[in-house]
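The values are calculated or read from the model by the stated rules, or taken from the named source; none is laboratory data. A quick note: this is a predicted structure, and the numbers were derived from the prediction, not measured. When we count neighbours, we look across all protein chains shown, and the Cβ atoms used for this are built from the backbone with ideal geometry, even at glycine. For the accessible areas, the whole protein counts, side chains as well, though only heavy atoms, and no ligand, DNA or RNA atoms are used. Shrake-Rupley method; radii C 1.70, N 1.55, O 1.52, S 1.80 Å.
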Amino acid sequence: MNIVHKMWFSVTVLLLAACLADVAHSEERMKRSVSASRSASLRSRRMVGGTLAPHVPWQAMVYIADSVLDGGYAGGALISDRWVLTAGRNLFVRKSRQYIQGKDPVIPKVYLGISQRAEANASKEVAVEKVVLHPGFQNRSDWDNDLALIQLKEPVVVSNKVIPIPLPEGGQDLADTVGGSGVIAGWGWGIYLTLAESLKHLVLPLANHSDCKAEYERIALTPTVDDNMFCTGPTKYEENVCFGDAGGALAVTDAETGDIYVAGILSYDKSCNRYKYGVYMKISSYLSWIHSVIRGDTEKSSALRSDAMSKMYSRQP
């Protein structure tokens with residue numbers, strides 16, 4: 001009798017194991033290994049889920065090295081024929097404030113018009129003239145004013161492969177975007193820091209600012225979400241941005257005009273499926289700085305303009 005019970009138990013275990021294996025295989029295929037990603041280290045996961053992106057003409061690859069330990073590569077957004085906007089931390093080998101303070105940013109390679117990493121070659125590289133960090137970059141934490149502008153040596157030729165994305169205009173507000181969502185593309189790193197071969201994208205819902213702020217107030221080593229930032233949440237399938245997607249533009253559509261513009265640049269890309277929210281620099285908060293850099297302003301520019309205006313008014317009869 002005991003032998004029969006043991007045999008029956010063994011058969012049952014084998015059948016159960018086979019069923020569980022089939023279920024696991026299906027879930028892995030359908031959810032792109034999201035459950036497996038939960039047990040991987042935070043730094044080993046790329047954009048969780050996501051779909052292979054169509055060609056994204058404003059997407060830039062900001063490249064320091066293949067190896068993440070040597071600086072890696074990340075995203076950026078072409079915003080004019082000579083300027084790329086990215087996260088400031090992308091321009092340093094080690095990203096934390098404690099290592100960056102007092103150091104100059106690395107001059108990266110920039111690639112435009114690509115959707116595959118294999119296309120990042122000399123024919124797609126655009127030479128860089130200089131990089132400009134936001135003057136308040138990392139004032140208090142790793143994510144303060146996390147923006148940088150990269151000036152290209154020559155204007156790019158606009159084509160169906162390379163097109164700048166507009167900045168927001170006056171009156172355009174995140175509350176008035178189509179579907180309350182935006183689209184981001186990324187070169188995020190894969191399992192065990194394997195290289196991302198293809199650009200992926202996600203459509204992400206805009207998140208409640210207060211909820212995002214409260215969430216990260218409880219978690220150490222995460223952003224202090226202020227009014228110069230906004231957040232996105234995961235998709236209904238728990239897809240999210242992840243390590244290596246920083247610098248990517250969240251593109252949104254104005255519900256009234258249909259205009260597409262860059263609402264934010266991803267800064268905190270480590271939400272993955274461990275935390276809920278991705279955190280972005282809100283571009284509308286930085287327009288004056290962006291325009292001043294693109295104009296080529298110096299410390300004296302404002303005073304010189306004011307002096308010229310004053311003299312012209314003073315000469316009126």
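Listed values, structure above:
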quantity	calculated
Potential lengthening between LYS153 and THR224 on full extension [0.36 nm per residue; Cα-Cα distance subtracted]	22.0 nm
Global form of region 183-272, assessed from the alpha-carbon gyration tensor, a/c cut-off 1.5	oblate
DSSP-loop trypsin sites (Lys or Arg not before Pro) across region 161-270, with at most 15 other Cβ within 10 angstrom	LYS161, ARG218, LYS236
Under-5 Å amide H pairs with GLY182, H placed in peptide plane, nonlocal only	LEU204, LEU206
Percentage relative contact order, region 74-164, counting C-alpha pairs under 8 Å, at least six apart	36
Order of exposure, largest accessible area first, which applies to ARG117, ARG89, ARG315 with probe 1.4 Å	ARG315, ARG117, ARG89
Residue-level accessible surface for ASP66, protein heavy atoms, 1.4 Å, Å²	60
Cα-based reach from LYS311 at 20 Å (exclusive), listing lysines while leaving out same-chain residues under 8 positions away	LYS300
Prolate/oblate/rounded call for region 65-213, Cα gyration tensor, a/c under 1.5 rounded	rounded
About the Cα centre, charge dipole magnitude for region 63-148 (Lys/Arg +1, Asp/Glu -1 at Cβ), debye	180
